[in-house]
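Since every read-out is calculated from the coordinates, none of them should be taken as a lab result. If you're wondering where the values come from, they're calculated on a predicted model, not measured in any experiment. Cβ coordinates were reconstructed from backbone atoms using ideal geometry, including for glycine residues, and neighbour counts include every protein chain displayed.
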Amino acid sequence: MNASTPVLELSEVRRDARSEPLSLVVRPREVVLLAFGRQEAAVQGLDGIVQGLDEPFAGEVRYLGRTWNERSGFEQAQARGSLGWIPAPDRAGWVSNLDLDENVILPARATRRRTEEEARGIADRLARQFGLPGVDRGRPAWASEIALRRLAWVRALLAAPDVLLADRVAAGEDDPDALAALVAEMDRVRRQGMGVLWIEPEVPPAARDGIEDLTVVNWPEPGPVPP
């Protein structure tokens, strides 16, 4: 896929009958920041729609040139393996009966065929960049909220995805140094060809400072309520 071909396209996507239609395009080596402002209700569930896990009320999502419905179930699972997802802080998605290191490393080993040694080395390097001592081997229930949040960053980036979906990472992060490290890593992988869709209520200063040629898309404001 060349640099001008979109890796992700949302065309007139609506989550429900009340939301405004949203259109945007993400290309390789591009970070698109979707600023949803006061439309927090409208953005709920958008991550599932982008990943083909949920159907939009209206509109179309194309991922790597195809809609999700054009793929078989097996093809959908394969495609999702190339999409790194950093969930909103309240939706970490940890498997409770696996240790944290297994949660972080297994997706990358399955989708990118990394050896365990290679995956652990990269995961520990990323964790240290984000202010952690490394990847914890305990259960998710034993870890702090901060550790879980930053390990979700590691898990998404470790898979070396074609597309990174980052949902409200700045809104839930109090440490500016950790956020700056994440933005620097986003920009590094962007330069290597990844496309990034970043969802926030507003444009964080770290994005302005750390991402070259940042594209900002504002969520459409709702129209007037008919009488």
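Observations, loosely collected:
- Note on the chain: antiparallel DSSP beta bridges, both residues inside, total approximately 35 percent of the bridges counted.
- C-alpha long axis of helix 176-191 to longest principal axis of the chain, angle in °: 80
- Under the simplified labelling scheme, the E202-S96 pair shows an inter-label distance of 3.7 nm, with each label point 7 Å from Cα along Cα→Cβ.
- Highest-MSF residue in the chain out of D162, D54, D101 [GNM, Cα springs under 10 Å]: D54
- Once the Cα atoms are used to define both axes, helix 145-158 deviates from the longest principal axis of the chain by about 80 degrees.
- Rounded, prolate or oblate (a/c below 1.5 giving rounded, otherwise prolate when a/b exceeds b/c) for region 96-160 by Cα gyration tensor: oblate
- 222 nm mean residue ellipticity, helices alone, for the chain (DSSP H n ≥ 4; -39,500 (n - 2.57); rounded to 500): -10500 deg cm²/dmol
- Note on Q44 and S23: the extension gain reaches 5.9 nm, defined as 0.36 nm multiplied by sequence separation minus the Cα-Cα distance.
- Nearest-ten-degree value, helix 116-129 long axis tilted from longest Cα axis of the chain: 70
- Loop-located trypsin sites (Lys or Arg not before Pro) in region 72-144 (DSSP state other than H, G, I, E, B) with a sparse environment of at most 15 neighbouring Cβ atoms within 10 Å: R91, R113, R137.
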